[in-house]
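Below is one structure, written out as structure tokens, with a few remarks after it.
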Amino acid sequence: MLNAAQLYDITLSNAQKYSQCTILYGGSTMTRFTGKDRSGNVVTKEVKTSTILLKKPVAADVAPAPEQVEEPVAENTTPTETPAAAETTATTEAGSTAPESAEAAAQTTETTTSEPVLDAYATETTERTAKAKDATLRLRDKLAKVDTEFNSLTKPTTRLKSACTSGKSRVERDLGKMDKLALEVADLQEQYNNNIADYTFTKVSPDQRTAYVQNGQAAHKAMLVDMNQRKGSRKIGGLDKYEVMRERYQGIPEYKQAHEWYIKTLNDLEKKWTKMFANEEKKRKSLQPAKKADMQENDEEEYQKLAAQLEKNGEDISRVWYNPSTRNLQMLRNCLNKVKDAKRRSEGIKLSDKVGTVPSLIEQFWTSMDEARRLMVSGDFAGAEKAMDDNHAFKTINQLNRQMLPDEFRKPLVEEHRALEQEIRKRSRAHNMLKTQLERKIGELERSTDSADSQLNALLEQIEREKELDAGENTVDLKKKDDGAAATEEKQ
């Protein structure tokens, strides 16, 4: 005797509750279950296993005892509040419902997975399967009818007896094969209609989807902090951070503001260093030639010392930003040349129309990917393939240069797209193979039932013909018997 499936009451980390739940499949990453929501509607959910806060077994037909210990599901998850407390919704001072924390929102990647999509072929084959299975029942009824009709004959011919015996024997033998075939068809039909398997993105985790935006915004914030400082050394640090943004994060919206701040900072530094250079040059004009030469020699020595130090750190003094000494004309000259060159290269450049668009592109990319995954796991492979083809954000992302989106962020997206595309194709091929097997088995079952039905119909027709003869002979006999009885009465 089969045991009933274990039912559970499930509470998620976002305080949503479902009762009388049946676990369809469960793994370390994702869990899929069917149960009743708070409104009593039967729903199917697919959630991250780590977001299942409580999974309480429900005894069949018996309400759980109040003191029953609730079973924590996720490892290292120790609930610190009761389910009732978990349901309490925080409100703002204005009385509106406060949104979930960012951490809870990131952890709860719950999605409602559609039920298997029955295409036209699935509907058609389901009907054909049902008819073929019904046909086996009708064949058994016809076998019984053959017996009933045959037994109603008073004088069945030897030929009919032989035909009925052999015909019934063949049909009864074939019925066993048909029953087995019907089970195979039903199994294939169920597999075809419920071609569902979970799929998890493995190249990019949910919290890594926004890594590019978060890193770019952090770089922008750090740049602004430095550029807002009055101290020259901090402003220099801001220039370095901008150049990091220019090389890696032009895709975020904040880059336009960063570029404006960069130009402003270059102007400020040019003005400051020009004034410092002019003042120092003016002071040296009145000096003796020997003193001037000594100072120039000291400038060179100090400059070369700084260059050696930077080189030791893997940097080139002609490229790196640094804060020059106020009395070193060579450093001031070098920094002025660098700031003027940077202004010349930056001020005349028109920013790309792709600047600031990457966060939206990434969001659109994942919206399409999640939709394609949902369609695939529900069995709608044609829909999943179309969703992949319609993922225009991916096509744009794949063409971005590394200043808009570095390879370390773009490559995982490309790999994730390729992996899902391959999975859809693989499952679609398997689905089509299943379709071929199902079609073959249904056809075989239909041919078998049609053949057996024809044989039994032929037997019933033979019986009907003999019944007509049998009835005619019986009528004659009865008439003769009645006439004899009448003649006897007249003689008497």
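The values are calculated or read from the model by the stated rules, or taken from the named source; none is laboratory data. It should be emphasised that the depicted structure is a prediction, and the values quoted were computed from it without experimental measurement. Calculation scope for accessible area: heavy atoms of the full protein, side chains included, ligands and nucleic acids excluded. Shrake-Rupley method; radii C 1.70, N 1.55, O 1.52, S 1.80 Å.
When a 1.4 Å probe is rolled over the protein heavy atoms, the share of accessible surface on the range 123-254 that falls to carbon and sulfur comes to 50 percent.
Computed with a 1.4 Å probe over protein heavy atoms only, the accessible surface of the range 122-235 comes to 58 Å² per residue. Using a cutoff of 8 angstrom between alpha carbon atoms and counting only pairs six or more residues apart, the relative contact order for the range 213-324 works out to 26 percent. For the listed residue pairs Lys343/Lys395; Lys241/Lys350; Lys203/Lys426, the alpha carbons are over 30 angstrom apart in Lys343/Lys395. Counting only protein heavy atoms and a probe of 1.4 Å, the accessible surface of the range 255-315 is 49% carbon and sulfur. Counting only protein heavy atoms and a 1.4 Å probe, the range 322-386 has 47 square angstrom of accessible area per residue. The ratio of the alpha-carbon radius of gyration of the range 153-308 to the globular-protein estimate 2.2 N^0.38 Å is 2.96. Compactness ratio for the range 255-349: Cα radius of gyration over 2.2 N^0.38 Å (N = residue count) comes to 1.23. Translational diffusion of the range 138-202 was estimated from the Stokes-Einstein equation, with Rh taken as the Kirkwood radius over Cα pairs; at 10 °C and 1.306 mPa s the coefficient is 104 µm²/s. The range 348-452 has equivalent-ellipsoid semi-axes of 45, 11, 9 Å, by the square roots of 5 times the alpha carbon gyration tensor eigenvalues, sorted largest first. Across the range 375-424, the convex hull enclosing all Cα atoms gives 63 Å³ per residue.
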